[in-house]
């Protein structure tokens, strides 16, 4: 099992590009990639976890909704995500555990303000025996 | 990732480039890019012209899909994009044509302070502002509004702050639309959006948002500058911020609501980020009601930021805001959709004008302008990069005829944030700015690198193009003295 996520350039914003063996792992990689844009994940302890469930009409909208949960956890509750475990994923529904801890300004330097997860050039698709994904964030 | 534009682009004149409607069957109108010989090759090498063509496919679009000279690649619409749809002929509203930061905009304050004097004290002044102002990622403001207060703020905009003694009539008059869009419905704003924004009204945020202390370096039109309260050698303060988390969430909520709309209304869209619904449809009306509430929030945000700037300057100089001559020149939105009346093919039409990284630039005599600017035309505030200059222009009849009364909103990015950080490696941007006499303070480690002057187009070339195309006239040029960022 392998998953990988990296950022790429977009003029005013930043993109996430990921590949993984399964849809669940792809969603994990992208969600963790977003968490890393907000704050260095290696400094966020998985002290607490919260379960999120999303439903959407297709797999791309599903990815936007799941990643938005990571953003909302911070924006509404100051909860930084360090690790994401997608416990189930189909093309239209996913459940995930977001493990992390409340933002502590002494330990967690925030990197960038993320306004939203966009639909622009959004791609979540099977490729070969795995999955690839591309999401652009509005900063 | 952006490829150069492969469609047809025809040069119309020195400041206009057309993407003909005939070049792609899905286009309903031409694309028209305002640019110059100096700027166009960089524009055509990126992804923005394809976005201008995509926007030309929106149902009900009239005139042309327009892009201002600060055009750059966005998501859905390009930044610098202007599109008007005919409300009474099925025209659509698209949240992507406004963007996530609803009513991101600029406010300019003028003072009687002498720039030469302030330059000598700019370092401690910027430190004071940096200490006093809530800036940075996720940093909230000193104001909190409970549910009931938030409903009034969203519904009434700056008028609500006037009732609380947090704004006065002069502030309100010097704000686009009087700081309140009619038809805002707080009930259309989700609880999540309200929670994201509850503690953020009166905070700057991060990214490209800033507060800049400037010197009026050049005056091009003395009479108009005087009417705007601007004099050469005086100090101004520019504030750039938007609707914070509340607006971001409103946009996200309605993109979700509208995900199914293209299928429902039979629209075939080239980019999901362009989802839209007829203005006169339940989801279209609902989005506009929520967007207007978020716009009102943004005007209140900039009002509360301006109040804190006034208090900070008063503390620093030991003088009241009144004694400092600290007054608002104007406040403009640059991410917004508004219902306006414009002539199309000689007939007055009710249009939904999307401005995505574009500024309203109404001509003299327009009935929507406040009395004090009715004769001059609307002040058009154009922030440049933090190392060069910002401009005040004034709206023209040409803009009314060609661009639904719109002009550019800034310099426009050329480097991505990552590329800007790469190019800043091994450099101290704050020191480079200091060598130009500009004091810069930022909360985040990468903020100054991302926003360094090289990350932007040349503001002089952008404004020269706007002026040469006749979309707005130059009134004054301001040089930065110091800036604070998130």
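A short reminder: the numbers here are calculations on the coordinates, not readings from a lab. Not measured: the values here are computed from a predicted model. Using ideal geometry, Cβ is built from the backbone for each residue, glycine included, and neighbour counts are taken over all protein chains shown.
Some observations on this one:
- Mean Cα-pair separation over length for chain B, i.e. relative contact order, pairs under 8 Å, 6 or more apart, %: 22
- Our estimate of slack between residue B:164 and residue B:280, defined as 0.36 nm per intervening residue step minus the Cα-Cα distance, is 38.3 nm.
- Using alpha-carbon coordinates, inclination of helix B:147-156 to the longest axis of chain B, degrees: 70
- Evaluated at q = 0.10, 0.11, 0.13 Å⁻¹: base-10 log I(q)/I(0), Debye formula over Cα of the stretch B:10-485: -0.68, -0.83, -1.20
- Placing a pseudo-label 7 Å from each Cα along the Cα-to-Cβ vector at residue B:117 and residue A:132 gives an inter-label distance of 6.3 nm.
- On Cα atoms only, tilt of B:282-317 relative to the major axis of chain B in degrees: 10
- Relative contact order for the stretch B:1-156, counting Cα pairs under 8 Å that sit 6 or more residues apart, in percent: 14
- Residue-averaged 222 nm ellipticity for chain B, from DSSP H runs of 4+ at -39500 (n - 2.57), nearest 500: -9000 deg cm²/dmol
- Sites residue B:460 and residue B:42 - FRET efficiency at Förster radius 25 Å, r taken between beta-carbons, to 0.05: 0.95
- Ranked B:310, B:417, criterion: other C-beta atoms within 10 Å, fewest first: B:310, B:417
- Across all Cα atoms of the protein assembly as shown, the radius of gyration (one decimal) and Dmax (whole number) stand at 23.0, 71 Å.
- In this simple spin-label approximation, residue B:23 and residue B:149 carry label points 7 Å from Cα along the Cα→Cβ vector, and these lie 5.3 nm apart.
- Kirkwood Rh and Cα Rg combined as Rg over Rh, evaluated for the stretch B:353-452: 1.13
- Across every pair of non-identical alpha carbons in the stretch A:3-138, the mean reciprocal distance, once inverted, gives a Kirkwood radius of 14.6 Å.
- Rh by Kirkwood over Cα pairs, then Stokes-Einstein D for the stretch B:379-436 at 1.002 mPa s and 20 °C, µm²/s: 153
- At q = 0.10, 0.17, 0.20, 0.22 Å⁻¹, base-10 log of I(q)/I(0) for the stretch B:140-240 (Debye sum, equal scatterers on each alpha carbon): -0.40, -0.95, -1.14, -1.25
- Take every DSSP beta bridge whose two residues both sit in the protein assembly as shown; close to 95 percent of them are antiparallel.
- Once the Cβ-Cβ distance of residue A:78 and residue B:397 is raised to the sixth power relative to R0 = 51 Å, the FRET efficiency obtained is 0.50.
- Relative to the longest principal axis of the Cα atoms of chain B, the long axis of helix B:244-257 makes an angle of roughly 10 degrees.
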